[in-house]
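To start, the structure itself, in C-alpha cells.
The values are calculated or read from the model by the stated rules, or taken from the named source; none is laboratory data. Everything numeric here is computed off the predicted structure, so don't read it as measured data. Glycine also receives a Cβ, built like all others from the backbone with ideal geometry; neighbour counts cover every protein chain displayed.
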Amino acid sequence: MLREKIVMMNQREYIEYVRKFAEAHGKHIWLGGSFLRGNPTAFSDVDISVLLDKDSLCTFIYGYGEPVYLSYTTNPEGIIIVIYDDGVAVDLEVIDSVEVADDYFFHMERIKDRAYCRNSSVCRKVCQRIDLPYQTARLFHRSLIKYLGGKKELGVSVANEIAAFLKCGFEVAQNDYKNGITRLIDLYNDKYPLDEKYRNLCIGLIREV
C-alpha cells in the first residue's frame, strides 16, 4: 500500500511537471486516459498528447529525468513510450497539427474531440532504437503493470509474447506468473542485456506480484 501511494504521488508530480512545462513554454499539452477520467491506479500509464517540435520534445522528455526506457510504437505510429526510474510510465502522443481555439496550454479535455493528426517522423528522430529485441523489452513493464493493475489475463498474454520471441519452450501460467516472468527476464537479460535501471524497475515490480 505504501509503495502504491508513492507511485501515485510520482504520477501526480509528473502531471504537475507537465502543466508547468506547458504554461512556462507556451506549448499545448493534453492530459488523457485514466488520469483525465479520474480513475487511475498506481500502475496506470500517464497518457498525454503534445504539440511539440523535436527540440522542444527532447527538452520536455528529459526535463523530468533520464528515461530508463524510450521507444516509439509502429502500430499505431506517433506515440512515444517513456518510462522513468521512479515508476512513471508515459504514453506520449506527438501531434503534428491540431485545432486550438483558446489561450490555455495545459488542457484537461479529450484531444480526440478535436481534429488533429499525429507526427510520426519526429518520434523516429527522438527515439533511435526500433530493433525488435529492444521493442520486446518494453513488454516486461507492460506485462507487469497490467497484471498488478488487475488485468491478469492481459498481463500473462503480454508475458507470453516475450516467451514466443525468446522461443524459450514454455509459457507463463497465470497461477505461476511470478516465477514465469522471473524466468523470462533472466533468459532475456542473458541474451540481450537490459539497461540496469530498467531491469531494476521491473524486478521491483515483480516483487509486488
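Brief remarks follow.
- The number of residues in segment 39-61 that are in a helix (DSSP H, G or I) and either basic (Lys, Arg) or more than 20 Å from Gly78 (Cβ to Cβ) (or both) comes to 1.
- Tabulated pairs, segment 107-118, first in contact (Cβ under 8 Å) with a residue 12 or more places away in the chain, second assigned to a helix (DSSP H, G or I) and not hydroxyl-bearing (Ser, Thr, Tyr), C-beta under 9 angstrom, 6+ apart or interchain: His107/Ala22; Met108/Leu36; Glu109/Leu36; Arg110/Leu36
- Residue within segment 69-76 that is out of contact with any Ser or Thr (no Cβ under 6 Å at 6 or more places or on another chain), surrounded by fewer than 16 Cβ atoms within 10 Å (Cβ to Cβ), touching a residue at least 12 places away in the same chain (Cβ under 8 Å) and part of a helix (DSSP H, G or I) present: no
- Positions within segment 21-38 being closer than 26 Å to Gly149 by Cα and part of a loop (DSSP other than H, G, I, E, B), in sequence order: Gly38
- The one condition from (1) crowded, with 20+ Cβ neighbours inside 10 Å; (2) in a strand (DSSP E or B); (3) of a type in the set (Val, Ile, Thr) that Val18 does not meet is (2).
- Considering residues of segment 158-181 that are without any contact (Cβ under 8 Å) to a residue 12 or more places away in the chain and assigned to a helix (DSSP H, G or I) only, the residue farthest from Glu208 (Cα to Cα): Ala164
- Residue within segment 117-138 that is assigned to a strand (DSSP E or B), more than 21 Å from Gly204 (Cα to Cα) and outside the structural domain of Asp176 (by TED's automatic domain parsing) present: yes
- Residue within segment 201-209 that is within 26 Å of Ser44 (Cβ to Cβ), touching a residue at least 24 places away in the same chain (Cβ under 8 Å) and assigned to a loop (DSSP other than H, G, I, E, B) present: yes
- Which listed residue is within 29 Å of Glu77 (Cβ to Cβ), outside the structural domain of Asp53 (by TED's automatic domain parsing), modelled with pLDDT under 95 and surrounded by 16 or more Cβ atoms within 10 Å (Cβ to Cβ), from Leu148, Leu144: Leu148
- Residues that are within 20 Å of Phe35 (Cβ to Cβ) and in a loop (DSSP other than H, G, I, E, B) within segment 86-111 comprise Asp86, Gly87, Val88, Tyr104, Phe105, Met108, Glu109, Arg110, listed in sequence order.
- Counting only residues that are more than 15 Å from the chain's Cα centre (by Cα), in a helix (DSSP H, G or I) and of a type in the set (Lys, Arg), segment 139-157 holds 1 of them.
- The residue of segment 37-56 that is surrounded by the fewest Cβ atoms within 10 Å (Cβ to Cβ), among those that are among the aliphatic types (A, V, I, L, M) and over 30 Å from Gly155 (Cα atoms), is Leu51.
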